[in-house]
Amino acid sequence: MKTLPRAAWRRIAVLAAFSILPSGLLAAPVTAAPAKNASLSQAANVVYQLQYYRDGVSLLADLTPSTDPERLVGLPGQYLSRAVFTDARASNGEINGIVEVFEYPVDLRRRRSTMKRFPDEIDVVSGTILLRLLGVSTDDAEYYRIALNDYIVLY
């Protein structure tokens, strides 16, 4: 049996989301993103939504201007919010991740060009969201890229 390339599976997923699959193909039901948790920042809400799409994701901290180690939360031209999380189901054991949400894409690009990087860091960007994955396999990074681009809603 011939397997479909990854691009074909993505196309099927998109078609299923819009209920325009060709007859004869079955698809899992598409579920809506979880509702916003009003007590969390935008970055922590991204983690909250990731928990919905991947078991094992746990929010470690929703950082504030006083708890952010870099003291950049809310400063002009910096991220509006920042949260850190772990993923116990990652193929390499455990991912440590950082979500940073910016007001403008130009601020995100500036941050990426000037920030200190971890040796094993992989960045995933979607709009004004920067997802920094530490110690992650390329398969896990691809999972997060798809989730961030296709399913996560920025509240």
Item checked: Selected residue [within 16 Å of V73 (Cβ to Cβ), out of contact with any Lys or Arg (no Cβ under 6 Å at 6 or more places or on another chain) and of a type in the set (A, V, I, L, M, F, W, C)] from V136, V101, V106, V125 -> V101
Notebook entry, point to check: Quick one: would you say G77 is on the phi > 0 side of the Ramachandran plot and touching a helix residue (DSSP H, G or I) at 6+ places or on another chain (Cβ under 7 Å)?
Noted result: yes
Notebook entry, point to check: When only residues in region 87-125 that are hydroxyl-bearing (S, T, Y) and modelled with pLDDT under 95 count, which is nearest to V57 (Cα to Cα)?
Noted result: S91
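The values are calculated or read from the model by the stated rules, or taken from the named source; none is laboratory data. Here the structure is a predicted model, which is why all the values come from computation and not from measurement. Positions of Cβ are generated from backbone atoms using ideal geometry, with glycine treated the same way; all protein chains shown enter the neighbour counts.
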